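Colleague: Below you will find the structure I want to go over with you.
The values are calculated or read from the model by the stated rules, or taken from the named source; none is laboratory data. Note that the structure is a prediction, hence the values are computed from the model and not measured. Note: ideal-geometry Cβ built from the backbone for every residue, glycine included; neighbour counts use all protein chains shown.
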Amino acid sequence: MIETSHHEILLTAAYFEAARTQLDNLAAKLRRYSDVSDVYVHFGPREYDSGLLIETYVEAELTDGRALLWWLEMRDGPDYRVEAALVLTDEEGQRTLQTIQEQEVASLPETLRAFAAAAESLALRSDVSAILHSVASAAA
């Protein structure tokens, strides 16, 4: 059984809920774009030999066959880390359009705050038209 305080459990739940809400709101915004044919949201833990990982993403399938992915993950201690990025998937594979956050942190409370803040930063990047314009400009 996991030994932790009541306060840590409530803190963890609150930050996860804040992040999940930001990503659900992002998904709702993305569904309104005519360039988007479908949206998927994933929020869940994965256990690896190296430790626990909270993996989260919002994927928007585009009408032209490409996809945009708002990616967020949190690695559990002792090497706490939060990573967030905006990724494009096309016929060439996946490529990172923008790294939103790559941060190593010292404690679980700091990691949870960084995770929720990264979710908020990702949610602010919801303008699919602007993202696709940026991709087209970079390719030209």
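Colleague: Go through the range 26-53 and give me each residue that's in contact with a helix residue (DSSP H, G or I) (Cβ under 6 Å, 6 or more places away or on another chain) and either within 20 Å of Ala117 (Cβ to Cβ) or free of Cβ contacts under 8 Å to residues at least 60 places away in the same chain (or both). Give the derivation first.
Modeller: Here is the first cut: in the range 26-53, the ones in contact with a helix residue (DSSP H, G or I) (Cβ under 6 Å, 6 or more places away or on another chain) are 26, 33, 35-36, 39, 41, 43.
Listed by number, the residues that qualify are Leu26, Val39, Val41, Phe43.
Colleague: A further question follows. Would you please name the residue that is surrounded by the fewest Cβ atoms within 10 Å (Cβ to Cβ), looking only at residues in the range 98-140 that are in contact with a helix residue (DSSP H, G or I) (Cβ under 7 Å, 6 or more places away or on another chain) and assigned to a strand (DSSP E or B)?
Modeller: Ranking the candidates gives Gln103 first.
Colleague: Please specify each residue of the range 7-52 satisfying the condition of being of a type outside the set (Gly, Ala, Ser), in contact with an Asp or Glu (Cβ under 6 Å, 6 or more places away or on another chain) and at pLDDT below 90.
Modeller: Within the range 7-52, the first condition is being of a type outside the set (Gly, Ala, Ser), and the residues that meet it are 7-12, 15-17, 20-26, 29-33, 35-36, 38-43, 45-49, 52.
Filter once more, keeping what is in contact with an Asp or Glu (Cβ under 6 Å, 6 or more places away or on another chain): 22, 38, 40, 46, 52.
Answer for the range 7-52, where residues must be of a type outside the set (Gly, Ala, Ser), in contact with an Asp or Glu (Cβ under 6 Å, 6 or more places away or on another chain) and at pLDDT below 90: Arg46, Leu52.
Colleague: Moving to a separate point now. Six or more apart or on different chains, Cβ atoms under 9 Å: show the pairs whose first residue is in the range 91-109 and at pLDDT 90 or above and whose second is assigned to a strand (DSSP E or B) and of a type in the set (Asp, Glu).
Modeller: Thr99/Glu83; Ile100/Glu83; Gln101/Glu83; Glu102/Glu83; Gln103/Glu83
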